[in-house]
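The values are calculated or read from the model by the stated rules, or taken from the named source; none is laboratory data. Computed from a predicted structure; not experimentally measured. Reconstructed Cβ throughout: ideal geometry from the backbone, glycine too, with neighbour counts over all protein chains shown.
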Amino acid sequence: VHDRTGAAGGTAAEVCAAPLRRADLHASVSDPALDTMNFLNEVTARHPGAISFAPGRPYDGFFDVEQVFGYLRGYLDHLKALGHAPEVIRDHLFQYGPTAGRIRELIAETLRRDEGVDVPAEAVVVTVGAQEAMLLAVRALITGPSDVLLVSSPCYVGITGVARLLDVTLGTVEEAPAGLRCADVEAAVLAERGAGRRPRAFYLVPDHNNPLGTTVPEATRRELLDLAADLDILILEDTPYRLVGSERRLPTLKALDRGRRVVHLGSFSKTLFPGARVGYAVADQEVDDGRGGRGLLAAELTKIKSMVTVNTPPLSQAVVAGMLLAAGGQTTGHTQRSSAYYRRTMSATLHELERHLPAERQRELGVRWNRPDGGFFLSLQVPFRADDAALARSAEDFGVLWTPMSYFHPAGGGENAIRLSTSYLSDADIVEGIARLVRFVEAEAARTQKGQPTW
Ligand SMILES: Cc1ncc(COP(=O)(O)O)c(C=O)c1O
């Protein structure tokens, strides 16, 4: 307690405020969902020599600083060729831009070429990564506590985080060992309705899912669309790993969508580069304004965006546009080399796992994993509790890092599974890293068998 002149000799305004209490801040900052990666980052910093299957980042061997200038130049030349005056071109880089983005035509064109998705440019909102696209879509669709966002679980921490930030009620549909089941989605929708809530949308990552690495088969995609129509819900389709995955690509839900049920979320982070922070939402759903007017959901997302990031940085959009133009308006022009690389690192990881743990040894230990044919992730079931303490032992005693699957389960679960990311490592690190991982798994399995609890 100070008098107005300040007991410590300063004026009252100079006396430091007592620390704020985290409990007085928005509940999201105390939520473990927003802090999941912190422990992992700490362990990584403490063990710089460890081989890490944790980070879901693109391999940086594909990045070349000089190319950024070339792409930027390419985009400016393109604007000039379109007949824009020098002042207009200057403003394209230096000024605030339209909230929905400057490169939506180009993205719509790219979607037609890469994916056979045919939407007007007005249905596209260019966002600061897919992360912002999720935030806009969830903010627009969820009106209050009686609305629910359903997510396929385990799920990406970014969508859980958005729900926490916006105080959105989350419902989970657990992915079965054999994959996502429409019957489970239906049951979740009906259960929410039974409890008096309104499920608005179902979020999923159909291709090379983060964290599981699974891909939803085409028949299930079609079934999901039918179900969405029957139950009158929307689907949020998040697609960052599509073009860095399998050679046999299945159609996106959006490409199969005849009833405008799918809000499609895209990202250039894994296909071009994450530092650009450019993604997009495709929202071609009609919105009735209640006064006889009709517009697209994209226009409503744009209003929200104007109060979140104002616009996606024009410089970033320009570089992304230059990259797309350089590849003939296709993202796939840039992903052939990288997707082949990721297929190879995934297959090398699977090969090393099989080599150390042949079928019989897998059964003895109680270890299983899935076998994605591309993308960044796979998941490993283990016979012990794969929590932070196990991760610390893994780093300390075996020099190998991974991500606990429980981080990705918003409603609990995944205690006996780990996520392995294969995107970022060299061949030599994969060979050594899997050898270390197997030694760690065997040691933990032995501890558990001896009845020493691992938690
Ligand atoms: C499933 C999923 N969605 C979205 C994102 C975020 O993408 P962006 O970098 O475009 O925000 C990621 C990034 O790891 C992801 O794994």
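Overview of values
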quantity	calculated
Residue in segment 369-380 that is in contact with a strand residue (DSSP E or B) (Cβ under 8 Å, 6 or more places away or on another chain) and more than 26 Å from Asp238 (Cα to Cα) present	no
Qualifying residue in segment 217-229 (condition: in a loop (DSSP other than H, G, I, E, B) and under 18 Å from the mean Cα position of the chain (by Cα))	no
Cβ pairs under 7 Å, 6+ apart, first in segment 277-288 and on the phi < 0 side of the Ramachandran plot, second surrounded by fewer than 24 Cβ atoms within 10 Å (Cβ to Cβ) and modelled with pLDDT under 95	none
Test: residue in segment 174-187 that is farther than 23 Å from Val282 by Cα, part of a helix (DSSP H, G or I), charged (D, E, K, R) and away from the ligand (no atom under 16 Å from the Cβ)	yes
Test set (1) among the hydroxyl-bearing types (Ser, Thr, Tyr); (2) under 15 Å from Ser52 (Cβ atoms); (3) not in a helix (DSSP H, G or I) - Ser394 fails condition number	(3)
Test for Leu236: is it touching a residue at least 60 places away in the same chain (Cβ under 8 Å) and closer than 20 Å to Leu149 by Cα	yes
Top-ranked residue of segment 158-173 - restricted to ones that are within 14 Å of the ligand (Cβ to nearest atom) and not aliphatic (A, V, I, L, M), ranked as surrounded by the most Cβ atoms within 10 Å (Cβ to Cβ)	Thr160
Tally, over segment 86-102, of residues that are closer than 13 Å to Leu76 by Cβ and either touching a Ser or Thr at 6+ places or on another chain (Cβ under 8 Å) or surrounded by 14 or more Cβ atoms within 10 Å (Cβ to Cβ) (or both)	5
Top-ranked residue in segment 178-205 [being under 18 Å from Met405 (Cα atoms) and touching a strand residue (DSSP E or B) at 6+ places or on another chain (Cβ under 9 Å); ranked as surrounded by the most Cβ atoms within 10 Å (Cβ to Cβ)]	Val205
Residue check for Gly333: on the phi > 0 side of the Ramachandran plot and either at pLDDT 95 or above or surrounded by fewer than 22 Cβ atoms within 10 Å (Cβ to Cβ) (or both)	no
Count - residues of segment 20-39 that are surrounded by fewer than 12 Cβ atoms within 10 Å (Cβ to Cβ), among the acidic types (Asp, Glu) and touching a helix residue (DSSP H, G or I) at 6+ places or on another chain (Cβ under 7 Å)	0
Flag for Leu315 being surrounded by fewer than 19 Cβ atoms within 10 Å (Cβ to Cβ) and either aliphatic (A, V, I, L, M) or part of a helix (DSSP H, G or I) (or both)	yes
Some residue of segment 134-148 being farther than 20 Å from Ala195 by Cβ, touching a helix residue (DSSP H, G or I) at 6+ places or on another chain (Cβ under 8 Å), surrounded by 24 or more Cβ atoms within 10 Å (Cβ to Cβ) and small (Gly, Ala, Ser)	yes
Positions within segment 20-46 being under 22 Å from Val438 (Cα atoms) and either modelled with pLDDT of 90 or more or in a loop (DSSP other than H, G, I, E, B) (or both), in sequence order	Arg46
Hits in segment 45-58 (condition: surrounded by 17 or more Cβ atoms within 10 Å (Cβ to Cβ) and of a type outside the set (A, V, I, L, M, F, W, C))	His47, Ser52, Pro55, Gly56, Pro58
In segment 336-374, the residues that are surrounded by fewer than 19 Cβ atoms within 10 Å (Cβ to Cβ) and closer than 24 Å to Val117 by Cα	Gln336, Arg337, Ala340, Asp373
Failed condition for Pro206, given (1) part of a loop (DSSP other than H, G, I, E, B); (2) more than 16 Å from the ligand (Cβ to nearest atom)	(2)
Of the criteria (1) of a type outside the set (D, E, K, R); (2) crowded, with 17+ Cβ neighbours inside 10 Å; (3) in a helix (DSSP H, G or I), which one Ala386 fails	(3)
Number of positions in segment 322-364 that are touching a residue at least 60 places away in the same chain (Cβ under 8 Å), not in a helix (DSSP H, G or I) and not small (Gly, Ala, Ser)	3
Options Leu234, Leu212; residue that is at pLDDT 95 or above, within 29 Å of Asp31 (Cβ to Cβ) and within 16 Å of the ligand (Cβ to nearest atom)	Leu212
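This table checks each residue for (1) within 16 Å of the ligand (Cβ to nearest atom); (2) among the charged types (D, E, K, R); (3) outside any loop (DSSP other than H, G, I, E, B); (4) surrounded by fewer than 17 Cβ atoms within 10 Å (Cβ to Cβ).
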site	(1), (2), (3), (4)
Leu243	yes, no, yes, no
Arg248	no, yes, no, yes
Lys254	yes, yes, yes, no
Arg258	no, yes, no, yes
His264	yes, no, yes, no
Ser269	yes, no, no, no
Ala281	yes, no, yes, no
Gly292	no, no, no, yes
Gly295	no, no, yes, yes
